[in-house]
């Protein structure tokens, strides 16, 4: 039987990139609430301060590095600062990622677009992971690396081809690094969110009021994701609850990928055709 302490991160140090908002902030606060000392990397000084303040008010301990994690020097400063203050690293969450508003056909993408998307979605994941592996290995008691990608790594997304490709790269990186580091007890997993309401994607604000009643029909679980959903997945992957889990991706998507293009209708019927003015066409399983 698992003890209640299986979710405890007491005595552990967790590094979280993009910890000043959205999923990163919720992950950082959740880890701190479960006993971890937390170091965050955040490009926005005010957001970093707000996260630190929230953790301190809840009785936790955290530090922040105001850096651009896309830069090699920023990664170095972040990891060195965490080790300098806390002396170890047990968990790394590579949370930063963004489509940068680059939405156009692949034929119209520039090489500058590709480079920008590579830097913010994949390259920093390599750098941060490589920076903590020696310390995790030297400690001799394992660790957990958690990479946040997107459900778009597992399905087609027209208009965001390069973004999808770099996030698919995270999946390959996660699997291969997990095999490589398994012998030293370092687990490597990923979280792939579907649309989640964050500072980057304020999806509830983007949907016109007249369409908001349709939100429950767009995923099997009937809602968009929240930052706390990501925090729950991350806590599982960071804690002893997932002690024998490595090399896999948690699809934090409300069942969207499993649905494979099927949508629920107002009468609990299902269709793989668009819902037009509230009416499901070509539906299955009608009442």
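Each reported figure results from applying straightforward, stated rules to the coordinates on display, with no laboratory input. Fair warning: this is a prediction, and the values are worked out from it, not measured in the lab. A quick note on method: Cβ atoms are made from the backbone with ideal geometry, for glycine too, and the neighbour counts reach across all protein chains shown.
Out of all DSSP beta bridges in the stretch 79-230, what portion is antiparallel? Express it as a percent rounded to 5. Within the stretch 79-230, antiparallel bridges account for around 0 percent of the total. Counting helices only, and only those DSSP H runs with n ≥ 4, report the 222 nm mean residue ellipticity of the chain as the sum of -39,500 (n - 2.57) divided by its residues, in deg cm²/dmol to the nearest 500. Here the helix-only value at 222 nm equals -11500 deg cm²/dmol. Beta bridges per DSSP, both residues in the chain: antiparallel share near 15 percent. In the Gaussian network model of the chain, springs joining C-alpha atoms below 10 Å, which of 154, 224, 106 carries the largest mean-square fluctuation? Sorting by GNM fluctuation, first place goes to 106. The separation of the stretch 209-272 from the stretch 7-48, counted between C-alpha centres, amounts to 23 Å.
To the nearest 10 degrees, how steep is helix 72-86 against the longest Cα principal axis of the chain, on a 0 to 90 scale? The answer is roughly 60 degrees.
Treating r as the C-beta distance of residue 111 and residue 72 and R0 as 30 Å, the FRET efficiency rounds to 0.90.
To the nearest 10 degrees, how steeply does helix 227-238 sit against the main Cα axis of the chain, on a 0 to 90 scale? The answer is roughly 50 degrees. Note on residue 212 and residue 98: the extension gain reaches 38.6 nm, defined as 0.36 nm multiplied by sequence separation minus the Cα-Cα distance. Remark: spin-label model distance residue 141-residue 57 equals 3.2 nm, labels positioned 7 Å along the Cα→Cβ axis.
The angle between the Cα long axis of helix 124-139 and the main principal axis of the chain comes to about 40°, on a 0 to 90 degree scale.
Using C-alpha pairs below 8 Å separated by at least 6 residues, the relative contact order for the chain is 17 percent. In this calculation the C-beta distance from residue 269 to residue 226 is compared with R0 = 30 Å, giving a FRET efficiency of 0.65.
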